[in-house]
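Here the structure comes first, spelled out in structure tokens, and everything after it is commentary.
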Amino acid sequence: MMAELPTTKTNDSRWRERFAARGADWLKDVREAAMSRFEAMGFPTTRDEEWRYTNLAPLEGVPFASPVAMSANDLSEEALAAFYFDGDAGARALFVNGVFQADRSDLSGLPAGVRVMSLGSAMDTHRELIEPHLAKHADYRESAVCALNTALFEDGALVHIDRGVVTDKPIHLVFVATGGEVPTAVFPRNLVIAEENSKSRIVVTYAGVWAGTYLTNGVTEIVAKENAVVDHYQVQRESPDTYHLSTRQVYLARSGNVSSHTLAFGGRLVRNDINALLDGEGANCMFNGLSVLRESQHVDNHLRVDHAKPHCNSWEFFKGIYDDHSRGVFTGRIIVREDAQKTDAKQSNMNLLLSKDAMIDTKPQLEILADDVKCTHGATVGQLDDEAIFYLRSRGVSEEAARSLLIYAFAGESVGQVRIASLRDKLQALLSSRLAYGESLTFGRPFEYSDDFADVVRHADRRRET
Amino acid sequence: MLEIKNLHANIDDHEILRGIDLKIGPGEVHSIMGKNGSGKSTLASVLAGNDNYEVTQGEITFNGKDLLELAPEERAWEGIFLAFQYPVEIPGVATSYFLKAALNAMRKSKGLPEIEAAEFLDMVREKAAMVALDEKLMTRAINEGFSGGEKKRNEVFQMAMMEPKLAILDETDSGLDIDALRIVADGINKLRSPERSFIVVTHYHRMLEYIEPDFVHVLDRGRIVRSGGKALAVELEAKGYKGLLADAGETIAS
């Protein structure tokens, strides 16, 4: 007999009011269940093992309002352009405070067989596409944060890649939050469905303009069907006063291949729940991450990779750079089910502490039920290498530049995984701007070196010929 | 050009250098020899500004400037170059990128604009050829996965790129086979000029057969106990440190 769940744990009526304001639709039952589930659980506390190092108490009692109706016309193109990257034009969807802005999006360049649209409206027009997947993967029963999003989301993106469609052109979903005079909360929701044998690239940017406190609670479900390839990036550049909670659930069918990158620069308190279910033989999942923190920023990357079928590979490769009083948390849980023989799971978490007040808690959690598997994990925490700094300085490089160069190099391995050149440039510029001596680092790229020197050679040889 | 007076230096409160006096003129090649632990490498490190060592007494002037007042990079800008005994591996930083950064830092200190890509490339090719260093290593991370010989040749290559006024070679010969040693020594000889001075720190006479020093100094327990011409290296080779130091002891005692 199933135990009766308590009906309310939280007297958090902030959300129920907002829930009541939502219109009815075919998802009503799921939403109601999710709302009740949230009320039963309440926000997690540090007594919860999975939330031990990330305290959501500051969220309690903040009267988060719905964001004021905002149109993109209130935002200048310059303010938005800061979050764009070259090469995304033609497939860019803009969301302001979680709501799709058709007139400021450009989806003209989408190839045939690729749909990018407002999830809110697609729920009316494309129910048959959405219903089999929405809220079927990201589990609102287990996570209060995901439950709250499921109950309250209004909009976000539906990305659908038809069977056999192959495109390298990035699809950029830009979520801009404006904040405001009173604290607000937004609940973006994305659903990515990659049909059989398709190949696609999706970049999701979360960004804040203006100041003010707000909460982003976003959920992205990514479904990679048989033999589908998805290359996904989450670039988080929220305002400094932001709470950012995000849940990503990747579902992989047979021979599905998903790489998902988590690049965190902004926010005050950030928690990323990054989950994958490898549910078909031969699936491959790669989670790459880089957090660059300063002041009192806090980023908690919480990964759960579930190997349910044999012959699957997963890689987790997370790096963090922590300055000032910032704090990082990394939890990497790998589950290998009884059937999942020949699993190859690798996990690595490397951390660079730039200040004696910075902190990192890193924890692998392996649950291996099969007996013929390869699972490796490793974590490092270190500081900049004094010998390397001296070596660089002895060649005339200033101390600041030497430090920056080494930090840049440390981050390079993560940024180097980014396969969209223009996005990589953007991230490198962002990284340089964070470093004391950033400017001097713009004349070349310390990573990608194989290309770098070859480019110089080609360029110079060409000049000589002409 | 370089004048060291009564130099004392510590590491972790152990006194390693105990009163070094040395004068080096433009274009001169001085060899510093001595047993393990005699203070040779410490002297090289102190000259380059490694702050693991604490200078407790004495002074160093370089072309009229107080060297001890300068940061390591400022010393490099003044024209001091140290070829490391153990070159540091720096993952993630491409050798070519680093060289360009270093070269541009040097140029900036002289008020020069950044180097042109084509000029840089020509320079890299020319200098790399000088020490038979594979150009492909430029695209790899600094010293990462380089063989012992490649690391040492990379040091001499960098020296050629930086065009220093005073080059300090800290056991550049150690770990090199006879062919590699010849290549490295040839490279160094090509860099000799009436303006450029060298300090060649070595254990062995072998290196000095290729690079003929003007002066040889024997270091023992943090002091120079014998100085002489290149004949001293030959004498040392014949007598060994023990024999030589026994003689030196007499000299000092008398």
Qualifying residue in the range A:272-284 (condition: out of contact with any Pro (no Cβ under 6 Å at 6 or more places or on another chain), of a type outside the set (A, V, I, L, M, F, W, C) and over 23 Å from A:I368 (Cβ atoms)): yes
Hits in the range B:218-238 (condition: more than 17 Å from B:E28 (Cα to Cα) and free of Cβ contacts under 8 Å to residues at least 60 places away in the same chain): B:V225, B:R226, B:V234, B:E235, B:E237, B:A238
Residue in the range A:321-362 that is nearest to A:E413 (Cα to Cα), counting only those that are touching a Phe, Trp or Tyr at 6+ places or on another chain (Cβ under 7 Å) and charged (D, E, K, R): A:K346
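With the condition kept exactly as written, say whether any residue in the range B:144-156 is facing chain A (nearest Cβ under 10 Å) and either assigned to a helix (DSSP H, G or I) or free of Cβ contacts under 8 Å to residues at least 60 places away in the same chain (or both). Don't jump to the end; show me each part of the working.
We begin by selecting, within the range B:144-156, every residue facing chain A (nearest Cβ under 10 Å); these are none.
There is no residue in the range B:144-156 that is facing chain A (nearest Cβ under 10 Å) and either assigned to a helix (DSSP H, G or I) or free of Cβ contacts under 8 Å to residues at least 60 places away in the same chain (or both).
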Odd one out for B:S41, checked against (1) over 20 Å from B:M162 (Cα atoms); (2) small (G, A, S); (3) in contact with a helix residue (DSSP H, G or I) (Cβ under 8 Å, 6 or more places away or on another chain); (4) within 14 Å of chain A (Cβ to nearest Cβ): (3)
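Condition check ((1) of a type in the set (G, A, S); (2) in contact (Cβ under 8 Å) with a residue 40 or more places away in the chain; (3) within 26 Å of A:E413 (Cα to Cα)) across all residues:
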site: A:V192; (1), (2), (3): no, yes, no
site: A:V258; (1), (2), (3): no, no, yes
site: A:I274; (1), (2), (3): no, no, yes
site: A:E281; (1), (2), (3): no, no, no
Residue match in the range B:197-206 (condition: surrounded by 20 or more Cβ atoms within 10 Å (Cβ to Cβ), over 29 Å from B:H14 (Cα atoms) and at pLDDT 90 or above): yes
B:I168 being within 13 Å of chain A (Cβ to nearest Cβ), in contact with a strand residue (DSSP E or B) (Cβ under 7 Å, 6 or more places away or on another chain) and outside any helix (DSSP H, G or I): yes
From the options A:R395, A:R403, A:R419, A:R424, residue that is surrounded by 22 or more Cβ atoms within 10 Å (Cβ to Cβ) and either more than 8 Å from every other protein chain (Cβ to nearest Cβ) or at pLDDT 90 or above (or both): A:R395
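Just to be sure, is B:D173 at pLDDT below 95, charged (D, E, K, R), within 20 Å of B:V29 (Cβ to Cβ) and in a loop (DSSP other than H, G, I, E, B)? Explain how you work it out, then say what you get.
Values: at pLDDT below 95: yes; charged (D, E, K, R): yes; within 20 Å of B:V29 (Cβ to Cβ): yes; in a loop (DSSP other than H, G, I, E, B): yes.
Yes; evaluated as a whole, the condition is true for this residue.
Checking the condition within 30 Å of B:E163 (Cβ to Cβ), of a type outside the set (K, R) and either assigned to a strand (DSSP E or B) or within 14 Å of chain B (Cβ to nearest Cβ) (or both), which residue from A:F330, A:F390, A:F410 passes?
A:F390 is the lone residue from the list that is within 30 Å of B:E163 (Cβ to Cβ), of a type outside the set (K, R) and either assigned to a strand (DSSP E or B) or within 14 Å of chain B (Cβ to nearest Cβ) (or both).
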Condition broken by A:W15, with the remaining ones in (1) modelled with pLDDT under 90; (2) farther than 21 Å from A:G156 by Cα satisfied: (2)
Top-ranked residue of the range A:267-310 - restricted to ones that are out of contact with any Asp or Glu (no Cβ under 6 Å at 6 or more places or on another chain) and acidic (D, E), ranked as surrounded by the fewest Cβ atoms within 10 Å (Cβ to Cβ): A:E281
One residue from B:K100, B:K190, B:K136 being surrounded by fewer than 22 Cβ atoms within 10 Å (Cβ to Cβ), part of a helix (DSSP H, G or I) and within 14 Å of chain A (Cβ to nearest Cβ): B:K136
Single match in A:A40, A:A93 (criterion: part of a strand (DSSP E or B) and either under 26 Å from A:R18 (Cβ atoms) or within 20 Å of the chain's Cα centre (by Cα) (or both)): A:A93
Of all residues in the range B:23-35 being touching a Lys or Arg at 6+ places or on another chain (Cβ under 9 Å) and of a type in the set (G, A, S), the one that is surrounded by the most Cβ atoms within 10 Å (Cβ to Cβ): B:G34
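Quick one: count up the residues across the range B:72-94 that are of a type in the set (G, A, S), on the phi < 0 side of the Ramachandran plot and facing chain A (nearest Cβ under 7 Å).
Looking only at the range B:72-94, we keep the residues that are of a type in the set (G, A, S), and these are B:76, B:79, B:83, B:92, B:94.
Add one more test, that the residue is on the phi < 0 side of the Ramachandran plot, and what stays is B:76, B:83, B:94.
Adding the requirement that they be facing chain A (nearest Cβ under 7 Å) leaves B:76, B:94.
Qualifying residue count for the region: 2.
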Odd one out for A:D29, checked against (1) under 25 Å from A:L158 (Cα atoms); (2) part of a helix (DSSP H, G or I); (3) in contact (Cβ under 8 Å) with a residue 12 or more places away in the chain: (3)
The range B:103-133 - residue that is among the acidic types (D, E) and outside any helix (DSSP H, G or I) and, of those, surrounded by the most Cβ atoms within 10 Å (Cβ to Cβ): B:E114
Flag for B:S38 being more than 20 Å from B:E59 (Cβ to Cβ) and surrounded by 22 or more Cβ atoms within 10 Å (Cβ to Cβ): yes
Among (1) modelled with pLDDT of 95 or more; (2) at the interface with another protein chain (Cβ under 10 Å from one of its Cβ atoms) - the single one B:D66 does not satisfy: (2)
From the options A:V68, A:V62, A:V30, residue that is farther than 30 Å from A:A421 by Cα, of a type outside the set (S, T, N, Q), surrounded by 12 or more Cβ atoms within 10 Å (Cβ to Cβ) and modelled with pLDDT under 85: A:V68
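With respect to A:H244, determine if the residue is touching a residue at least 12 places away in the same chain (Cβ under 8 Å) and within 25 Å of A:A65 (Cα to Cα). Outline the logic, then answer.
Numbers: touching a residue at least 12 places away in the same chain (Cβ under 8 Å): yes; within 25 Å of A:A65 (Cα to Cα): yes.
So A:H244 passes the test.
The values are calculated or read from the model by the stated rules, or taken from the named source; none is laboratory data. Please read all numbers here as calculations on a predicted model, not as lab measurements. Heads up, the Cβs are rebuilt from the backbone with ideal geometry, glycines too, and the neighbour counts pull from every protein chain shown.
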